[in-house]
Amino acid sequence: DVNRQRPRDDSRVSITEEPVQPRQRADTLSELPRLWPPGRIVWLRRDGHSHKVNWVERESFANVVVTDAMIADHMPDALARALSLTVAGCAQQADVNTPLLS
């Protein structure tokens with residue numbers, strides 16, 4: 001019968017004796033924990049009709065201002081176009097002694 005429920009397996013339930021502490025509300029932004037992007041960051045910056053590519057430290061993004069242009073630049077189609085143009089530009093300038101990322 002499809003409507004029949006399976007018996008509950010209580011062996012998967014864990015019970016802790018420690019009380020759960022309520023979350024404290026942060027009254028100001030300085031009281032909030034810092035959030036950082038994970039991993040290494042490659043930053044594509046507009047430079048006229050092309051993009052510059054640099055490795056940056058995650059601390060470079062300690063303060064992020066969200067604008068209409070930033071949102072538009074991070075849309076999948078815009079990001080794919082910027083990456084394609086950047087890779088094509090790097091391939092044209094490729095030299096065995098020149099790193100693609102500075």
Taking 0.36 nm per intervening residue step and subtracting the Cα-Cα distance, what contour gain separates R81 from V42 on full extension?
12.5 nm
Calculated P(r) of the range 40-99 - Cα pairs past 16 Å, %:
54
Count the net charge of all other residues whose Cβ sits under 15 Å from the Cβ of L85, scoring Lys and Arg as +1 and Asp and Glu as -1.
+1
Please list, in order along the range 46-60, the HN-Hα scalar couplings obtained from phi with the Karplus expression 6.51 cos²θ - 1.76 cosθ + 1.60 (θ = phi - 60°), rounded to whole Hz, x for Gly and Pro.
5, 9, x, 9, 10, 10, 9, 10, 9, 6, 10, 6, 4, 5, 4
What is the distance, in nm, between label points placed 7 Å from the Cα along the Cα-to-Cβ direction at D73 and at R34?
2.2
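A short reminder: the numbers here are calculations on the coordinates, not readings from a lab. What you are looking at is a predicted structure, and each value in this text was computed from that prediction instead of being measured. Backbone-built Cβ (ideal geometry, glycine too); neighbour counts: all protein chains shown.
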